[in-house]
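Read-outs: derived from the displayed coordinates by stated rules, not from any lab. This is a predicted model, so every value here is computed, not measured. Every residue, glycine as well, gets a Cβ built from its backbone with ideal geometry; the counts of neighbours run over all protein chains shown.
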Amino acid sequence: MTIKSALLILTALCTLTVTAEATSIVAIKSGNDIFIGTDSKVLIEKDVAITQCKITKMKDTYVVFSGMPALPASSFNAYKMAEQIFPGQGSIADKLTAYDKATSGKLQEAFEKMRTSDAKLFSRWYTEDVQNRVAMQVLVAGAEKTGTTMAMLEYRIMSQKNEPVVLKSFRETFDKKTNPNKPTILFLGMQDGINVLKKSKNFLNDFDEVSKINEWILAEANANPSRVSAPVDILKISPKRAEWIQHKEQCPEIEEPAKGHHDKK
């Protein structure tokens with residue numbers, strides 16, 4: 001794959017283009033609603049494929065990973081670290097800052113260990129184009145007192161292949177209400193098929209969040225069936241509640257209203 005990673009801002013449309021291992025994620029902020037869609041394929045040891053819900057509920061915050069959040073032959077586990085930070089108090093931006101501080105050094109050490117012990121595996125993350133050297137991404141979303149927020153944290157490998165690994169983090173936070181006719185859209189993970197589909201027509205015409213998420217992720221599944229597959233899970237986060245639009249049985253139950261908007265009597 002040779003897909004550039006860049007943040008493009010055209011009118012009010014924001015599109016983040018990146019690559020990652022065996023995941024396709026689309027997040028849309030439309031008005032004060034957030035829609036998160038993911039595929040279901042996860043590759044575990046020796047590239048064995050399993051079906052899994054990729055949207056994780058951590059109290060009132062929803063977290064999705066792409067890349068390699070748990071590295072072989074390493075004690076690094078991004079999920080465990082997320083479970084310690086995201087259910088806590090504070091804004092999504094503050095928790096993402098704390099997560100970055102806790103994670104970046106350990107992730108860098110884990111990738112350096114991979115580089116020196118398993119060059120073949122490391123080569124999956126190393127490309128000549130530095131914008132494609134995505135080690136890991138974290139998408140975080142939820143409802144706060146001022147409305148809904150979604151944020152993205154990305155780690156890229158900045159060093160040369162024969163040098164000790166150096167990672168750099170990039171992040172974006174979207175916490176303002178948008179024009180539903182000009183939504184903010186993040187594409188994370190694999191998107192070869194999505195990019196082809198986006199070029200074929202104006203996707204903002206007759207825009208519907210759910211149908212577009214399904215269309216894009218299924219296009220990616222058709223383009224890269226060994227890495228991405230249905231079913232597509234879609235979560236909607238509104239100021240007063242979060243709900244599944246579509247999901248499989250492995251997805252977490254959602255029982256309480258979104259944070260900061262419990263009904264008052």
Could you tell me whether the stretch 154-176 includes any residue that is closer than 17 Å to Ser24 by Cα, part of a strand (DSSP E or B) and in contact with a strand residue (DSSP E or B) (Cβ under 6 Å, 6 or more places away or on another chain)? yes
Being in contact with a strand residue (DSSP E or B) (Cβ under 6 Å, 6 or more places away or on another chain) and either surrounded by fewer than 16 Cβ atoms within 10 Å (Cβ to Cβ) or part of a loop (DSSP other than H, G, I, E, B) (or both) is the requirement here; does Ile254 meet it? yes
Is at least one residue of the stretch 203-211 over 26 Å from Pro87 (Cβ atoms), in a loop (DSSP other than H, G, I, E, B) and of a type in the set (S, T, N, Q)? yes
Looking only at the stretch 137-182, which residues are buried (at least 19 other Cβ atoms within 10 Å of the Cβ), of a type in the set (A, V, I, L, M) and over 14 Å from the mean Cα position of the chain (by Cα)? Ala143, Ile157, Val165, Leu167
How many residues does the stretch 156-179 hold that are of a type in the set (Asp, Glu) and closer than 17 Å to Ala143 by Cα? 2
Residues of the stretch 22-66 that turn out to be of a type in the set (Asp, Glu), in contact with a strand residue (DSSP E or B) (Cβ under 6 Å, 6 or more places away or on another chain) and closer than 20 Å to Gln191 by Cα, as a count: 1
